[in-house]
Amino acid sequence: MRIRSIYKILVIISLGATACESVRPYQRVYLNDYEMKPGQPGSRKFEEQVHAYREGATGGGSSKGSGGCGCN
Amino acid sequence: MKKRYIAIGLLASSLASFGQRSDSTYRKKKLSATDVQIIMSYYTQDNDHSAVTGGTGTEDLQVYATQFTVDYQTDSLNTFHVDGGLDIISSASTDNIDYVQSSASKTDVRSHLNAGYSRSIRRKGITAGANTGFSIESDYSSFNTGLFFSKINSSQSREISIALQMFFDDLRWGRLHGGKPEKLIYPVELRSVEWFDHYRRTSYNLDLSFYRVINRRMAIGVYPGLAYQSGLLSTPFHRVYFSDRSKRVENLPGDRFKIPIGVQLNTFIGGRWIFRTYYRVYWDNFGIFSNTINLEAAYKMSGRFTVTPFIRIYGQTSADDFKNYGDHDVSEEFYTSDYDLSRFESIKPGVSVRFAPYSGSGPTTFNAIELRYAFYRRSDGMEAHTATLVISYTKVKQKGPRNISNKP
């Protein structure tokens with residue numbers, strides 16, 4: 001069941017990624033906004049460390065991986 | 001005849017006129033930029049399932065964290081990175097390792113420092129780099145090193161990156177008391193036994209990132225990862241109580257595989273709203289399977305002010321070796337009562353406010369100041385508050401000879 005969930009997510013992503021528009025540099029005013037940055041920019045980083053200590057899961061786009069602390 | 005003279009006149013004037021003069025005094029400018037970010041955070045929590053006392057007892061904890069990040073771009077190709085910080089930790093549960101209430105055992109300090117370098121090959125859209133660093137606290141020290149590589153296409157609509165980060169940890173106590181790591185610290189009443197004959201922990205993190213622009217207002221990122229840990233994965237001062245009323249030190253397997261996959265979709269709607277949606281599924285061989293959903297709705301009140309309410313929902317299954325206080329059987333090989341590895345759901349609402357004037361005088365630009373608050377509640381009763389302040393600015397410096405003005 002879990003493998004099916006992961007498979008469905010990957011299929012949806014690949015279908016979405018194929019329907020993409022070419023964006024020229026002068027058309028990137030929205031994409032270049034700070035709030036559109038990928039990952040965990042700015043003040044979100046510290047909370048990712050809290051999650052690594054208080055929860056079992058790490059990684060997957062988080063700024064905190066496994067190791068380097070007495071955390072999970 | 002008249003047309004002939006006009007044509008000759010036009011030809012003669014075109015030979016004598018010039019759109020721009022060649023400026024022999026022009027010098028190519030080299031600019032270096034330094035981005036500085038300062039982060040100050042405060043974290044407080046409380047709960048009644050401390051792993052130090054076997055899954056019961058106070059988890060009252062405060063953390064005062066300060067961190068700085070400096071990215072120094074010498075030119076368009078080379079970037080040096082330094083980050084470091086200091087965390088002051090006050091923990092009531094740590095005081096219960098030896099049941100002696102003292103400020104010395106209740107307070108700890110964690111310091112960390114990292115440095116890195118990256119080099120870009122602009123023609124090919126490639127950036128590669130390496131980093132290293134360390135962190136130290138009284139019961140833990142860690143040395144880390146890593147490599148990363150990324151490639152972006154010419155239109156900047158697709159980017160792929162890969163990063164490998166390795167941590168080499170030492171769990172012995174005493175580092176901040178006399179400067180030498182001594183031994184593992186067990187609960188005071190269990191120190192007659194040498195529970196572990198090893199004190200090192202090694203972690204490998206392989207993180208991939210696939211970023212794709214979908215259209216002018218939407219971009220998607222996929223973040224699969226793989227992590228492997230080996231060595232002493234137990235915490236030496238965690239107690240475990242058994243059904244026959246005996247107690248031991250926590251014992252977890254010596255290997256742990258983790259597979260997280262995260263997906264992020266950022267969308268700019270209208271002229272003011274940005275929706276950041278994130279979903280992660282996670283599995284590890286400890287038996288933990290989790291789902292994470294994070295939703296943020298940034299509203300641009302003006303060109304400088306942005307308010308972002310957010311909510312994060314998380315749920316995980318229990319690790320196979322976790323049981324509540326007093327539920328473990330003495331015949332079990334691995335056992336823990338650390339509620340961070342138990343089955344629970346959590347919710348984290350919050351809000352952040354960002355002021356980004358991008359103003360300044362001379363070469364220094366004040367980029368932004370951001371204040372963020374989050375309330376965290378776990379289904380086992382834990383409640384926590386986090387407040388973070390981020391200040392960032394950029395300094396640009398011109399390198400090389402200045403231009404000489406070309407006055408007629």
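The values are calculated or read from the model by the stated rules, or taken from the named source; none is laboratory data. Nothing here was measured: the structure is a model prediction, and the numbers come from that model. So basically every Cβ, Gly included, is an ideal-geometry build from the backbone, and we count neighbours across all protein chains shown. Only protein heavy atoms, including side chains, enter the accessible area calculation; ligands, DNA and RNA are left aside. Shrake-Rupley method; radii C 1.70, N 1.55, O 1.52, S 1.80 Å.
Taking the conditions exactly as written (in contact with a Ser or Thr (Cβ under 7 Å, 6 or more places away or on another chain), exposed (fewer than 15 other Cβ atoms within 10 Å of the Cβ) and farther than 23 Å from B:Arg191 by Cα), does B:Leu77 satisfy them or not?
yes
Could you please tell me which pairs satisfy a Cβ distance under 8 Å, a separation of 6+ or placement on different chains, a first residue in the range B:230-245 that is closer than 16 Å to B:Ser93 by Cα and more than 14 Å from chain A (Cβ to nearest Cβ), and a second residue that is open to solvent by 10 Å² or more (accessible area, probe 1.4 Å) and not hydrophobic (A, V, I, L, M, F, W, C)?
B:Arg239/B:Thr53; B:Arg239/B:Lys247; B:Arg239/B:Arg248; B:Val240/B:Lys247; B:Val240/B:Arg248; B:Val240/B:Asn251; B:Val240/B:Tyr335
Within the range B:192-200, identify whether any single residue is surrounded by 15 or more Cβ atoms within 10 Å (Cβ to Cβ), under 26 Å from B:Ser234 (Cα atoms), touching a Gly at 6+ places or on another chain (Cβ under 9 Å) and touching a residue at least 12 places away in the same chain (Cβ under 8 Å), and answer yes or no.
yes
Right, B:Asp207: surrounded by 21 or more Cβ atoms within 10 Å (Cβ to Cβ), under 30 Å from A:Arg28 (Cβ atoms) and charged (D, E, K, R) or not?
It is true that B:Asp207 is surrounded by 21 or more Cβ atoms within 10 Å (Cβ to Cβ), under 30 Å from A:Arg28 (Cβ atoms) and charged (D, E, K, R).
At pLDDT 70 or above, touching a Cys at 6+ places or on another chain (Cβ under 7 Å) and on the phi < 0 side of the Ramachandran plot: which single residue out of A:Tyr34, A:Tyr26, A:Tyr53 fits that description?
Answer to the selection: A:Tyr53.
Working only within the range B:117-140, note down all residues that are of a type in the set (S, T, N, Q), farther than 18 Å from B:Thr74 by Cα and open to solvent by 20 Å² or more (accessible area, probe 1.4 Å).
Within the range B:117-140, B:Thr132 is the sole residue that qualifies.
Out of B:Ile313, B:Ile369, I need the residue that is within 14 Å of chain A (Cβ to nearest Cβ), under 30 Å from B:Val70 (Cα atoms) and either open to solvent by 70 Å² or more (accessible area, probe 1.4 Å) or within 24 Å of the chain's Cα centre (by Cα) (or both). Which one? Even if it seems obvious, please write down each step before you answer.
Values: B:Ile313 fails: under 30 Å from B:Val70 (Cα atoms).
The unique qualifying residue is B:Ile369.
So is B:Asp139 in contact with a Phe, Trp or Tyr (Cβ under 6 Å, 6 or more places away or on another chain), facing chain A (nearest Cβ under 8 Å) and among the acidic types (Asp, Glu) or not?
Values: in contact with a Phe, Trp or Tyr (Cβ under 6 Å, 6 or more places away or on another chain): yes; facing chain A (nearest Cβ under 8 Å): yes; among the acidic types (Asp, Glu): yes.
For B:Asp139, the condition - in contact with a Phe, Trp or Tyr (Cβ under 6 Å, 6 or more places away or on another chain), facing chain A (nearest Cβ under 8 Å) and among the acidic types (Asp, Glu) - is met.
Considering the range B:202-221 alone, what residues qualify as being more than 7 Å from every other protein chain (Cβ to nearest Cβ) and either of a type in the set (Lys, Arg) or within 17 Å of B:Tyr279 (Cβ to Cβ) (or both)?
Of everything in the range B:202-221, those that are more than 7 Å from every other protein chain (Cβ to nearest Cβ) and either of a type in the set (Lys, Arg) or within 17 Å of B:Tyr279 (Cβ to Cβ) (or both) turn out to be B:Leu208, B:Ser209, B:Phe210, B:Met218.
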